[in-house]
Amino acid sequence: MSTNKPDVLLVMPLPPYARAQIDSLYTVHDRTHQTDPQAFAGVASKIRAIVGSGEAKVPRTLMAQMPNLKMVSVIGVGYDGVDTAAANDLGIKVTHTPDVLNDDVADLALGLMLCAARRLPQADQYVRQGQWLAKGPMALQRKVSGSRVGIVGMGRIGKTIAKRCAAFDMPISYTARSAKSDLPFTFYTTAKELAANVDFLVVITPGGAATKGMINAEVLAALGKDGYLINVARGTVVDQTALIHALQNKTIAGAGLDVFDGEPNVPEAFFALDNVTLLPHVGSATTDTRKAMADLALLNLANFYAGKPLVTVVPECQ
Ligand code: 8YV
């Protein structure tokens with residue numbers, strides 16, 4: 001193909017807006033490394049940038065196949081799919097899209113809290129299935145305002161969730177790598193201690209090896225039979241088997257999950273449970289926010305090709 005547009009490797013499907021933008025500026029190799037390894041080998045040396053997502057895998061073995069690769073532009077705040085240590089070794093910069101999605105993910109966390117405690121999806125079914133008419137009013141549910149919330153991860157999105165919880169008059173506590181002296185919230189050093197002291201445990205910490213299985217059986221036991229788990233981070237942060245067990249045995253009150261370990265595969269055991277709300281990873285999935293994320297990822301890409309400074313390099317690659 002004769003074109004002056006730079007070659008980029010796309011490692012995930014893109015929504016229409018992002019795809020149209022990227023197609024207008026670049027020669028896009030859409031997951032060619034997976035679909036046609038031979039064709040990929042033929043173009044690998046021309047590729048200087050990868051466009052990825054929060055979750056799409058960019059391992060060392062893939063980066064090493066592109067001798068001129070210099071950047072990975074992730075459309076997402078999380079970049080746990082990218083081996084940043086390998087990127088550093090190979091002289092590759094990784095950028096992501098922080099901040100622009102804070103509102104959406106925080107909105108969804110509150111939405112899941114309301115779904116879990118007020119059982120909104122079940123209430124919708126109650127009306128649709130004619131149970132309101134047949135059985136009368138639905139059973140009473142748990143109040144959210146004024147309940148204690150514990151946030152696991154007090155970064156940009158954690159703070160945005162806290163702001164919303166404050167408007168719900170919720171006492172706020174958190175755990176993070178270290179206490180943040182500028183915040184008026186109670187700090188606990190472990191997730192287990194935090195869980196023991198709250199009604200809602202909201203997980204919004206990065207994924208990856210450091211947090212894998214952090215919310216385990218012990219943490220869920222500490223959360224207890226009146227506590228709810230909300231996960232808008234990564235499925236890997238929660239021990240999924242322990243969570244299914246806790247929900248089946250009602251050793252926690254319920255859960256609201258936007259993410260799963262191994263998604264889009266969701267363990268069928270969840271489908272049989274009515275004390276969990278299941279969402280298909282839609283934390284940042286609004287038109288406005290996905291546009292803002294794509295624009296920021298494209299700006300990083302444009303700056304790279306123009307020899308200008310990258311805007312949002314991940315901390316590990318700075
Ligand atoms: C998306 C996300 O799943 O930003 C993240 O880390 O999890 C999400 O916003 C995805 O990365 C969009 O490309």
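The values are calculated or read from the model by the stated rules, or taken from the named source; none is laboratory data. Predicted model only: the values in this text are computed from it and were never measured. Cβ placement follows ideal geometry from the backbone for every residue including glycine, while neighbour counts extend to all protein chains displayed. What goes into the accessible areas is simple: the full protein's heavy atoms, side chains included, and nothing from ligands, DNA or RNA. Shrake-Rupley method; radii C 1.70, N 1.55, O 1.52, S 1.80 Å.
Observations, loosely collected:
- FRET efficiency for the pair LEU273 and LYS163, taken as 1/(1 + (r/R0)^6) with r the Cβ-Cβ distance and R0 = 35 Å, rounds to 0.70.
- Computed magnitude of the charge dipole of the stretch 198-318 (debye, nearest 20; Cβ of K, R +1, Cβ of D, E -1): 300 debye
- Ordering 248-256, 156-164 by mean Cβ neighbour count within 10 Å, with the highest value first, yields 156-164, 248-256.
- Each residue of the stretch 96-109 was assigned a 3J(HN,Hα) from its phi angle through the Karplus curve 6.51 cos²θ - 1.76 cosθ + 1.60 (θ = phi - 60°); the sequence is 9, 10, x, 6, 5, 10, 3, 4, 4, 5, 5, 4, 5, 4 Hz, with glycine and proline shown as x.
- Long-range HN-HN contacts of ILE151 with modeled amide H, under 5 Å: SER173, TYR174, THR175, VAL202
- Cα-based shape type of the stretch 135-250, given that a ≥ b ≥ c are square roots of the gyration tensor eigenvalues and the cut on a/c is 1.5: oblate
- Carbon plus sulfur fraction of accessible area for the stretch 102-278, probe 1.4 Å, in percent: 54 percent
- In sequence order, calculated HN-Hα J values of the stretch 44-61 (Karplus, 6.51, -1.76, 1.60; Hz; x Gly/Pro): 3, 6, 7, 7, 10, 9, 10, 10, x, 10, x, 10, 4, 6, 10, x, 3, 4
- Amide H partners (placed H, <5 Å) of THR27, local residues excluded: ASP7, VAL8
- Compared with the dominant Cα axis of the chain, that is its longest principal axis, helix 156-167 is turned about 30°.
- Note on LYS225: lysines with a C-alpha under 23 Å away, same-chain residues under 8 apart excluded, are LYS143, LYS192, LYS250.
- Heavy-atom accessible area per residue - the stretch 16-59, 1.4 Å, Å²: 50 Å²
- Averaged per residue, the stretch 102-278 has 49 square angstrom of accessible surface, using a 1.4 angstrom probe with ligands and nucleic acids left out.
- Rounded to whole Hz, the Karplus (6.51, -1.76, 1.60) HN-Hα couplings of the stretch 63-79, x for glycine and proline: 4, 5, 7, 10, x, 9, 5, 10, 8, 10, 9, 8, 8, x, 7, x, 9
- Under the shape rule built on the C-alpha gyration tensor, where the axes satisfy a ≥ b ≥ c, the stretch 1-126 is prolate, since a/c reaches at least 1.5 and a/b is greater than b/c.
- Global form of the stretch 1-59, assessed from the alpha-carbon gyration tensor, a/c cut-off 1.5: oblate
- P(r) weight above 27 Å for the chain, C-alpha pairs, percent: 48 percent
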